[in-house]
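The values are calculated or read from the model by the stated rules, or taken from the named source; none is laboratory data. Model, not experiment: these values are computed from the prediction. Using ideal geometry, Cβ is built from the backbone for each residue, glycine included, and neighbour counts are taken over all protein chains shown.
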Ligand SMILES: Nc1ncnc2c1ncn2[C@@H]1O[C@H](COP(=O)(O)OP(=O)(O)O)[C@@H](O)[C@H]1O
Ligand SMILES: [Mg+2]
């Protein structure tokens with residue numbers, strides 16, 4: 001399979017009030033053509049920061065301090081390279097569409113601008129392609145939506161506009177950062193179905209970020225689990241949901257509400273909270289919340305190593321280690 005994105009040993013550091021701290025470390029993964037990578041982890045795990053560094057959109061207080069990001073063989077950490085592909089061949093959809101849509105411009109202006117800028121189309125051609133894309137993302141009454149302002153649309157409609165905008169130039173890679181989190185369950189399901197359909201139609205690779213294991217199980221081909229700025233587990237989707245290895249992954253899976261059990265069953269929750277990046281410990285960062293933690297876990301950080309076909313960062317599996325990376 002063709003690998004289109006490769007991230008190796010990515011590390012991002014913030015500098016606030018002269019204090020430096022790393023928020024993500026040792027992040028390595030790849031995405032193949034047409035594949036969906038699911039990225040899961042509690043809030044604050046470093047999922048968005050990882051994606052923003054790929055897109056060259058980190059806040060000015062943050063910078064990539066080591067590692068590489070290669071897209072179709074080009075180095076995306078070079079400003080001039082990422083600016084060429086961003087919004088065209090790699091696009092991003094965020095949780096809150098209002099943060100990306102311009103509140104004072106009509107939808108037609110915002111959609112056509114993308115094609116006028118990236119594909120140098122005339123307004124009329126850009127308009128018909130935009131209208132076509134709005135229809136394709138299942139927007140009812142697309143013509144009248146083109147004439148409206150973002151505030152005149154519902155949350156679900158705005159997210160459809162964002163997805164249409166992200167798909168206009170038929171990107172090779174779409175990064176969707178919690179795109180359904182602020183939507184209600186029915187709309188959430190529609191948006192997921194839409195993304196699945198678009199991915200098939202255009203063979204777009206997708207990185208889908210969510211803190212919701214159920215969504216990841218529905219959409220991903222492979223999964224990475226992030227915690228406190230590191231990858232805890234990396235696996236094929238089927239294998240992961242059949243046999244999660246890391247205690248953190250198991251905890252996340254046990255926290256998923258069981259629809260069949262209704263409300264009668266009390267939900268498992270992982271005790272405690274994730275650490276703040278300024279207070280990362282030297283051992284395994286999950287150790288303080290881990291029911292299996294031993295003395296070694298608090299002292300030495302476990303490397304991500306291969307166990308059967310998965311990769312896991314946990315000393316519980318050190319005897320099963322096949323190769324370290
Ligand atoms: N602008 C910022 N300034 C300082 N710290 C930040 C900023 N943005 C994110 N962080 C910190 O970086 C860590 C990772 O954040 P983020 O990538 O947004 O997590 P996630 O997307 O997994 O919820 C968090 O601890 C967060 O507090
Ligand atoms: Mg986030």
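Tabulated results
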quantity	calculated
Test: residue in segment 294-306 that is under 29 Å from residue 21 (Cβ atoms) and modelled with pLDDT under 90	no
Residue within segment 234-246 that is within 15 Å of the chain's Cα centre (by Cα), modelled with pLDDT of 95 or more and within 28 Å of residue 14 (Cβ to Cβ) present	yes
Any helices (runs of 4 or more DSSP H) falling wholly within segment 42-121 and containing at least 2 residues that are farther than 27 Å from residue 32 by Cβ and at pLDDT 95 or above	107-119
Residue in segment 171-179 that is more than 16 Å from ligand 1 (Cβ to nearest atom), in a helix (DSSP H, G or I) and either assigned by TED's automatic domain parsing to the domain that holds residue 126 or within 17 Å of residue 114 (Cα to Cα) (or both) present	no
Conditions (1) at pLDDT below 95; (2) in contact with a helix residue (DSSP H, G or I) (Cβ under 8 Å, 6 or more places away or on another chain); number of the one not met by residue 36	(1)
Residue in segment 69-90 that is surrounded by fewer than 18 Cβ atoms within 10 Å (Cβ to Cβ), free of Cβ contacts under 8 Å to residues at least 60 places away in the same chain, closer than 30 Å to residue 18 by Cβ and within 16 Å of ligand 1 (Cβ to nearest atom) present	no
Residues (crowded, with 23+ Cβ neighbours inside 10 Å and either within 17 Å of residue 171 (Cβ to Cβ) or more than 16 Å from ligand 2 (Cβ to nearest atom) (or both)) located in segment 37-61	37, 54
Hey, residue 217 in a helix (DSSP H, G or I), assigned by TED's automatic domain parsing to the domain that holds residue 23, more than 15 Å from ligand 1 (Cβ to nearest atom) and touching a helix residue (DSSP H, G or I) at 6+ places or on another chain (Cβ under 9 Å) or not	yes
Those residues of segment 1-27 which are away from ligand 2 (no atom under 16 Å from the Cβ) and within 14 Å of the chain's Cα centre (by Cα), in sequence order	5, 7
